[in-house]
Amino acid sequence: KQRKPTISLNNNNNDMKQNSFFQLSRLNQEEDLLGTIRTSDPHQDPLHDDNDAFNYALLIALYTLQGIPMGLSASIPFIIQQKIKVMSEAAILSVSSSTAAAATTAAATTAATTASSISKLSYNAQAIFALCSWPFSLKLLWAPIVDSIYIKGFGRRKSWLVPVQLLASFIMIFGSNYVEDQLGLGNTVTSSNNVADFDVKGVTAFFFMLYFLMATQDIAVDGWALTMLSKKNRGRGPVCNSIGQNLGYFLAFVGFLALNDVGSSEKFWRPLLGVKSDPSKGIVSLGSFIKFMGCVMLGVTTFVAFFKKETNSHGYTDPVDDDDDDDDAELDASQIGLVETYKRLWTVCKLPAVRGLF
């Protein structure tokens, strides 16, 4: 009778040890299974968060390329204004020389009229050139096409990103001289006859095409950021957008104007770089700057095309935290179809809050 409690306690201890062993084994198996699930998807691998540093850099580089045409388009009005000023001074000089030479009244009147028309040309040129930025405001119209049509083997976002950036880089490289010719920057203004050499419509068409291509690139990069970054870091995609666009805008606007200005070049840049003095022009011309940026875009595009692989092109779903949020359950444009996407877009446009914007 005294041994029975002892035997019972020993049996209970053995049962508890066995249960603990089986529970521990089961927990280890579950952890191994979850680890396999996580490592099978790079977005669920804890180490993937550390790899996002490269993705951040790539996104910033792509958004920087996007900001370059914006910065260049912002610098064009200053160039137009400077060109108009030089043309006006040439026209006034022509009037003065005609008066000094006792020219006919008709010739002097013609020169004065030309000077007045040149001053009005500045406002017309600024108004026309402002149209080049429209594609960024209208990109919602073709965003479903970019999101739903792609080459599966090449990558959902790269199918649009690579061709668009290649085309933009070629336009910048081979069209740089065209921009200078349309603005008459390569000609020395000696008389008011240079009005015929000044055509802002051609420059507007050039930058309108660049804006259209960069708006399409923006659609692709914004979508790629959702799958390129881990779920934990998705919210930092807009931060990369802001940094990159502002960096590209600064380089192509403030940077270009500083290098193109004759006074800054003579006082600072040429002595700093040890370049021979040339008071007639800045250290960098508009054509050479556009061509250089086109080469930079071509290099980045080549790197993305051959060395950056796009993963999880069909959208991302979380196999572990299905009830965390609803962003993974959103329908994809490639799944619901292009027509249905436009129908839903039209439904959104008919909402009172959206209609109030117009």
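Here are a few things to note about the model shown:
- Residue match in segment 180-189 (condition: open to solvent by 20 Å² or more (accessible area, probe 1.4 Å) and under 18 Å from the mean Cα position of the chain (by Cα)): no
- Selection within segment 197-231: residues that are part of a helix (DSSP H, G or I) and in contact with a His (Cβ under 9 Å, 6 or more places away or on another chain). The member of this set that is nearest to K139 (Cα to Cα) is T227.
- Between L273, L247, the distinction of being without any contact (Cβ under 8 Å) to a residue 24 or more places away in the chain, open to solvent by 50 Å² or more (accessible area, probe 1.4 Å) and not small (G, A, S) belongs to L273 only.
- Residues of segment 211-244 that are β-branched (V, I, T), open to solvent by 20 Å² or more (accessible area, probe 1.4 Å) and either at pLDDT 95 or above or touching a helix residue (DSSP H, G or I) at 6+ places or on another chain (Cβ under 6 Å) (or both): I219, I243.
- The set of residues in segment 300-346 being assigned to a loop (DSSP other than H, G, I, E, B), among the small types (G, A, S), modelled with pLDDT under 70 and over 15 Å from K158 (Cβ atoms) consists of G315 alone.
- When the test is whether a residue is basic (K, R), open to solvent by 80 Å² or more (accessible area, probe 1.4 Å), modelled with pLDDT under 90 and touching a strand residue (DSSP E or B) at 6+ places or on another chain (Cβ under 8 Å), K350 does not pass it.
- Candidates P163, P144, P135 - the one that is assigned to a helix (DSSP H, G or I), free of Cβ contacts under 8 Å to residues at least 40 places away in the same chain and under 23 Å from Y63 (Cβ atoms): P163
- Within segment 276-290, tally of residues that are outside any loop (DSSP other than H, G, I, E, B) and surrounded by 18 or more Cβ atoms within 10 Å (Cβ to Cβ): 4
- Selection status of F358, more than 30 Å from S230 (Cβ to Cβ) and modelled with pLDDT of 85 or more: no
The values are calculated or read from the model by the stated rules, or taken from the named source; none is laboratory data. Source: prediction; values computed, not measured. All Cβ positions, even for glycine, are placed from backbone atoms using ideal geometry, and neighbour counts span all protein chains on display. All accessible areas refer to the heavy atoms of the entire protein, side chains included, with ligands and DNA or RNA removed. Shrake-Rupley method; radii C 1.70, N 1.55, O 1.52, S 1.80 Å.
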